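Below is one structure, written out as structure tokens; comments come after it.
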Amino acid sequence: ATLPPVPSVLTFLVEQTGLDAQEAYATFNMGAGFAVFVPQKDIKNTLAIAKAYTIKAYDVGRVEKGDKQVIIEPINVTYASSSLQVRE
């Protein structure tokens with residue numbers, strides 16, 4: 001899994017506010033945009049189509065059976081199901 005690059009404006013905001021990685025990704029999504037879930041067999045084709053249309057796309061992970069949670073392995077952050085709600 002690879003995280004998309006963090007835009008410099010978000011890096012600046014995180015530095016100025018002192019947010020840790022967990023809060024920064026929860027608050028700003030750190031420039032990740034939105035997610036598209038495709039079967040494993042379609043990842044390469046999906047990335048190729050995105051590239052053909054000059055859309056930046058990344059293979060950032062996988063869906064697995066188990067507890068509902070989001071784990072961002074490269075930065076060692078886990079969001080439990082109770083925190084996966086739309087923020088006000």
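General observations
- Principal-axis tilt of helix 8-17 within the chain, Cα atoms, nearest 10 degrees: 30
- The long axis of helix 43-52 is offset from the longest Cα principal axis of the chain by roughly 90 degrees.
- Where N is the number of residues in the range 1-77, Cα Rg divided by 2.2 N^0.38 Å: 1.24
- Length gained on full extension, Asp20 to Ile71: 16.8 nm, using 0.36 nm per residue less the C-alpha separation.
- Per residue, in Å², the accessible surface of the chain once ligands and nucleic acids are set aside, probe 1.4 Å: 83
- Relative to the current alpha-carbon distance between Gln40 and Ser81, full extension at 0.36 nm per residue lengthens the span by 12.4 nm.
- Portion, in percent, of the accessible area of the range 26-88 that falls on carbon or sulfur, probe 1.4 Å: 55
The values are calculated or read from the model by the stated rules, or taken from the named source; none is laboratory data. Computed from a prediction, not measured in an experiment: that's the story for all the values here. Protein only, heavy atoms only, side chains kept; ligands, DNA and RNA dropped before computing areas. Shrake-Rupley method; radii C 1.70, N 1.55, O 1.52, S 1.80 Å.
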